[in-house]
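Nothing in this text is a laboratory measurement; each read-out follows from the coordinates by a stated rule. Here the structure is a predicted model, which means the values were calculated and not measured. Neighbour counts are summed over all protein chains in view; Cβ atoms, including those assigned to glycine, are modelled from backbone coordinates with ideal geometry.
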Amino acid sequence: MIRAAASSASSAAARAAAAAIIEAGGTAVDAVIAGFLAAAGERPGVLLAPAVALVAGTGAGARAYDGRSAQPGLGVARPRGFVAGAPIPEAAYAAAPRSIVMLVLLHGHRGRTSLSVLARDGIAAAEAQGEKARAGLIRRVGAAGVLALRASEVARPLLAAAGPVAGGLLTERDLEESRPAEAEAFTTALASGASAFTVPWSPPEASAGGAEAIVACDGRGIVAAIAYAPTGSGLLVPELGISLASDAVPVLRGITRVTPGTPLAAPAPIAILGRKGFWASIGLTGLARLRPEALDGLASGQAIETALAELRAQEDARAAVIATSDERLGRSAVSEG
């Protein structure tokens, strides 16, 4: 293990993949991407789930990456809409995914290991379950990045499942023009003298199922975190072995529709904590958000395992994960209820 490097995750598959990349000399960003793709190989609802990321570190500032799903419907006229109270097809709730474009943007800024290498554990996880289609899609992501969802072999089944013919709003333009956003992270000064960095947009107050998290720090002084909200009951696309997030707002007759391309609210229970000579990347699971002021215990010098357990209990999270670096030693911990 490289000194000052560590990683952790709420998913066992993500934890193992992130650790392998860190041990091989990858960056913290490489580690969280590999962890995400490993989790995506295990379950159909991860790869195209809404995802957000934070990156910070010595001399790097603090940035947030927005891979929340978007309201679909780009390039087509407003549909007539469903009548209030009438049955609405599942496809109408399918959102336009932005997770892959966010990962590629994140990798381009701070990644060092090729995406094809980062995808290996995800491919292996899918193949171990006999999910050849999902393995093939993750392989495409590793090889082609943002172009993966635009290939006809991928776009066709997505549009068949969630496009207008199925009663949904997803269009080719939604897949072709999907754009992630990058912004300066929001900074909160804590009583301990540390700074907490979180996403600059407002996560929902609550979210069914909450989110999972992957955190890492590397020997180059960079820390990273990804939160993603697996789709448990989203729209299944059997030809690809994956599910689309059901976050879109169906168009109702007589009601102004949500503008296509609008980012849809998604959980973001991650934060980065920094003070001179110390960095920590933290994630909670089962929640929609992480309150910065709740992190003071982690910055006060208390034992990491104790402070993390107290944070998890205080915030009533299913689990809490952390990766820390004091520029000499990297440490990680997991606290589960």
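So the values come out like this:
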| item | result |
| --- | --- |
| Tally, over the stretch 60-84, of residues that are of a type outside the set (A, V, I, L, M) and either under 17 Å from the mean Cα position of the chain (by Cα) or within 25 Å of ALA196 (Cα to Cα) (or both) | 7 |
| Failed item in (1) within 16 Å of VAL46 (Cα to Cα); (2) in contact with a helix residue (DSSP H, G or I) (Cβ under 6 Å, 6 or more places away or on another chain), with MET102 passing the rest | (2) |
| Residue match in the stretch 10-21 (condition: closer than 27 Å to ARG289 by Cα and touching a Cys at 6+ places or on another chain (Cβ under 6 Å)) | no |
| Residue in the stretch 217-240 that is touching an Asp or Glu at 6+ places or on another chain (Cβ under 8 Å), in contact (Cβ under 8 Å) with a residue 24 or more places away in the chain and more than 28 Å from ILE21 (Cβ to Cβ) present | yes |
| Residue match in the stretch 311-326 (condition: in contact (Cβ under 8 Å) with a residue 40 or more places away in the chain, among the polar types (S, T, N, Q) and crowded, with 18+ Cβ neighbours inside 10 Å) | yes |
| Enumerated strands (runs of 3 or more DSSP E) restricted to the stretch 220-337, each holding at least 1 residues that are farther than 30 Å from SER192 by Cβ and of a type outside the set (A, V, I, L, M) | 242-244 |
| Hits in the stretch 112-125 - residues which are crowded, with 19+ Cβ neighbours inside 10 Å and either touching a Ser or Thr at 6+ places or on another chain (Cβ under 7 Å) or more than 13 Å from ALA31 (Cα to Cα) (or both) | ILE123, ALA125 |
| Count - residues of the stretch 52-83 that are of a type in the set (A, V, I, L, M) and in contact with a Gly (Cβ under 8 Å, 6 or more places away or on another chain) | 7 |
| Near pairs, Cβ below 9 angstrom, 6+ apart or cross-chain, from the stretch 286-300 (charged (D, E, K, R)) to any residue that is in a helix (DSSP H, G or I) | ARG291/GLU315 |
